[in-house]
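Written below as structure tokens is the structure these notes are about.
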Amino acid sequence: AQTVTQSQPEMSVQEAETVTLSCTYDTSESDYYLFWYKQPPSRQMILVIRQEAYKQQNATENRFSVNFQKAAKSFSLKISDSQLGDAAMYFCAYRTTGETSGSRLTFGEGTQLTVNP
Amino acid sequence: GAGVSQSPRYKVAKRGRDVALRCDSISGHVTLYWYRQTLGQGSEVLTYSQSDAQRDKSGRPSGRFSAERPERSVSTLKIQRTEQGDSAVYLCASSLGHLGPEAFFGQGTRLTVV
């Protein structure tokens, strides 16, 4: 079974600075997807960034980038130039590429990010 | 619709009663999931259904939890004989299945069992 671990329950960062959120996972699959979702107090999970395991290049979306280390099974999220609106709970998630398991997401426990003005 | 919509946003139920939570997913999405989110156990999948299947393919836990899909873009999660441990946020998500890996989430229903 796949597992996802986020070892940082809480993180804080000063506005305009950079913060990195950690995520490790365990799987026997060779191809899969990894995601970072953001959940603000409104509770709606919002996709931040996605990485396909077969791609060596790290995904980037504006101020958000990942450091994907497939051999180490590590998938960290870097937020540059942090903004107050980035404050939220961040979830790392894993999904197989196959349909046999219904493509369900396996989530980490979450990291609560606080952005200080 | 523009996104995934869940109703109600908040629900209080007496222990032992049955509850039904509704999800309106994105038109054209094939796979629909229900997740339960709690502080102690994180987010776990409860059920999912694909295409036009009306019955769920259960994740865990099963038994008291079931989902029906009376229309392609509508799902109802039913919880029978609610227990206090069922108090949680219930999230619905949908995706294009093999055509797209992202899951799009609703805002969740916070269920409190008293």
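The values are calculated or read from the model by the stated rules, or taken from the named source; none is laboratory data. In this text, all values refer to a predicted model and were calculated from it rather than measured experimentally. Note that we place each Cβ from the backbone using ideal geometry, even for glycine, and neighbour counts take in every protein chain shown. Each accessible area value is taken on the protein alone, full model and side chains, heavy atoms only, with ligands, DNA and RNA left out. Shrake-Rupley method; radii C 1.70, N 1.55, O 1.52, S 1.80 Å.
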**Message:** Of the candidates A:ALA93, A:ALA53, A:ALA16, which one comes out as most mobile in a Gaussian network treatment of chain A with C-alpha springs shorter than 10 Å?
**Reply:** A:ALA16
**For the protein assembly as shown: accessible area per residue (Å², 1.4 Å)** = 48 Å²
**Asked** Non-local amide H neighbours of A:VAL66 (under 5 Å, H modeled in plane, Pro and chain starts lacking H): which ones?
**Response** A:ALA59, A:LYS78
**Item:** Within straight-line cross-link reach of A:LYS73, lysines at Cα separation under 25 Å, skipping those fewer than 8 residues along the same chain
**Value:** A:LYS38, A:LYS55
**Prompt:** In segment B:5-113, with Lys and Arg counted as +1 and Asp and Glu as -1 at Cβ, which of these residues, B:GLY63, B:ALA93, B:SER27, has the Cα nearest the positive end of the dipole, that is, farthest along it?
**Reply:** B:GLY63
**Message:** Could you tell me the center-to-center distance, by alpha carbons, between segment A:24-78 and segment B:1-52 in angstrom?
**Reply:** 24 Å
**Prompt:** Taking 0.36 nm per intervening residue step and subtracting the Cα-Cα distance, what contour gain separates A:ASP81 from A:THR20 on full extension?
**Reply:** 20.8 nm
**Asked** What spacing in nm lies between the two simple spin-label points modelled at B:GLN80 and B:THR112, each 7 Å away from Cα in the Cβ direction?
**Response** 2.8 nm
**Message:** Would the protein assembly as shown count as rounded, prolate or oblate if I go by the C-alpha gyration tensor, calling it rounded below 1.5 in a/c and otherwise prolate when a/b exceeds b/c, oblate otherwise?
**Reply:** prolate
**Prompt:** Let a ≥ b ≥ c be the square roots of the eigenvalues of the Cα gyration tensor of segment B:5-113; is it rounded (a/c under 1.5), or, if not, prolate (a/b larger than b/c) or oblate?
**Reply:** prolate
**Fill in**
Per GNM of chain A with C-alpha springs under 10 angstrom, the most fluctuating residue out of A:ALA72, A:ALA87, A:ALA59 is A:ALA72
**Message:** Over all directions, the average projected area of the alpha-carbon convex hull for chain A comes to how many nm²?
**Reply:** 7.0 nm²
**Request:** With +1 on each Lys and Arg Cβ and -1 on each Asp and Glu Cβ, and nothing else charged, work out how big the dipole of the protein assembly as shown is about its Cα centre, in Debye to the nearest 20.
**Result:** 820 debye
**Accessible-area order (highest first, 1.4 angstrom probe) of the listed residues A:MET45, A:MET11** = A:MET11, A:MET45
**Asked** Most fluctuating residue of B:GLY85, B:GLY100, B:GLY40 in a GNM of chain B with Cα springs under 10 Å: which is it?
**Response** B:GLY40
**Prompt:** Per-residue accessible area for A:TYR37 at 1.4 Å probe radius, Å² rounded to 10?
**Reply:** 0 Å²
**Prompt:** Which percent of the accessible heavy-atom area of the protein assembly as shown goes to carbon and sulfur, probe 1.4 angstrom?
**Reply:** 46 percent
**Only Lys, Arg (+1) and Asp, Glu (-1) charged, at Cβ; chain A dipole about Cα centre in debye** = 180 debye
**Fill in**
Along segment A:47-55, Karplus-curve 3J(HN,Hα) (6.51, -1.76, 1.60; θ = phi - 60°) to the nearest Hz, with x for Gly and Pro, reads 5, 9, 7, 9, 9, 8, 5, 6, 8
**Request:** Report the accessible area of A:LYS38, computed with a 1.4 Å probe over the heavy atoms of all protein chains in place, in Å² rounded to the nearest 10.
**Result:** 40 Å²
**Asked** Straight-line reach from B:LYS78: which lysines have Cα under 18 Å away, leaving out those fewer than 8 places along the same chain?
**Response** B:LYS11, B:LYS14, B:LYS57
